[in-house]
1. Quick one: what pairs do we get from region A:155-177, first residue at the interface with chain B (Cβ under 7 Å from one of its Cβ atoms), second outside any loop (DSSP other than H, G, I, E, B) and at pLDDT below 95, C-beta under 7 Å, 6+ apart or different chains?
2. Please go through region B:121-132 and give me each residue that is under 16 Å from the mean Cα position of the chain (by Cα) and either more than 8 Å from chain A (Cβ to nearest Cβ) or modelled with pLDDT under 95 (or both), ordered by number.
3. Can you pull out the residues in region A:128-144 that are within 15 Å of residue B:131 (Cβ to Cβ) and assigned to a helix (DSSP H, G or I)?
4. Select, from B:24, B:36, B:29, the only residue that is buried (at least 23 other Cβ atoms within 10 Å of the Cβ), within 13 Å of the chain's Cα centre (by Cα) and away from chain A (no Cβ under 14 Å).
5. Of all residues in region A:85-114, count the ones that are more than 8 Å from chain B (Cβ to nearest Cβ) and at pLDDT 95 or above.
6. Looking only at region B:1-21, count every residue that is more than 14 Å from every other protein chain (Cβ to nearest Cβ) and in contact with a strand residue (DSSP E or B) (Cβ under 8 Å, 6 or more places away or on another chain) and tell me the total.
7. What are the residues in region A:58-78 that are surrounded by fewer than 18 Cβ atoms within 10 Å (Cβ to Cβ) and either over 17 Å from the mean Cα position of the chain (by Cα) or within 14 Å of chain B (Cβ to nearest Cβ) (or both), if any?
8. Based on what the data block shows, is residue B:153 assigned to a helix (DSSP H, G or I) and over 16 Å from residue A:91 (Cβ atoms)?
């Protein structure tokens, strides 16, 4: 399953940390990239810096129009999953979603335009309680991949640096080039 | 399984949104409360406001000393799980953790003191890649409860307001009192 995350309504002065967390979570849990509806160099750089050092081919791109991005994705046969606490709860709909080949996951900030609800193939809640778009993205990525027998926590990024997991303390391994 | 989250190193001016996301995630996914190592009225109020309207008995408490909180928890027979990207990857250790009755999940910010690594029963990573403490908390709560056959997305909070899940649009139900 190819997964791209579209972050809607990012406000450069207000949301840098949340959007950075979203991007890093998307990467760590196997999405191929993130689209941002507003330019924010600090966010793009901090995510790409992680990707360079820790491996993989994750990308972050600013786009001009979420509307065009969603329409093109659908034209190419992709499906759209919009995360909203008002939607159908994930456990009740995951069987429909799990076989999709190309999935765009839309993550809003405040005030998502109703057109997004209309364009989405699925409006899906991660529990129907108010919590966090970062938590919601993490759980949908984790559960969708587990349904395809992929453990997103076990992905190998082949980066220049990697952690050697330990019960106590910290160990990093760095490859020479 | 009783679960309490301990947020370490929250800096009131810098982390309010991340800590709020942590608290709301903890609540939505079935933890009983969150301890904060520094007073931050804005954060406490915004989480408690959600708990009041949306139901359940989630609490947020400021504490004086994380060291004492961890030691007391252990004295009462509780176990401590410290989330760190340097730790053992969750899938490789979850069998050991899943049967625990009282679990404290420690979530650090920057620079966690080495004493935390020592006091923890487990230092556990959610994938050994840099991402987000909110995502990490979400996944550990989700996976641990799934192992006990509890779907954290299906918890019933019995709140004054609740969402009626829909494929399109938004519907809230509000109870009269």
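1. These pairs meet every condition: A:163/A:172.
2. Selection gives B:124 alone.
3. A:133, A:134, A:135, A:136, A:137, A:138, A:139, A:140, A:141, A:142
4. B:36
5. The number of residues fulfilling the criteria is 13.
6. The number of residues fulfilling the criteria is 6.
7. Across region A:58-78, the qualifying residues are A:64, A:65, A:67, A:68, A:71, A:72, A:74, A:75, A:76, A:77.
8. Judged against the criteria, residue B:153 is not a match.
The values are calculated or read from the model by the stated rules, or taken from the named source; none is laboratory data. In this text, all values refer to a predicted model and were calculated from it rather than measured experimentally. For neighbour counting, all protein chains shown are included, and Cβ atoms are generated from backbone atoms with ideal geometry for every residue, glycine included.
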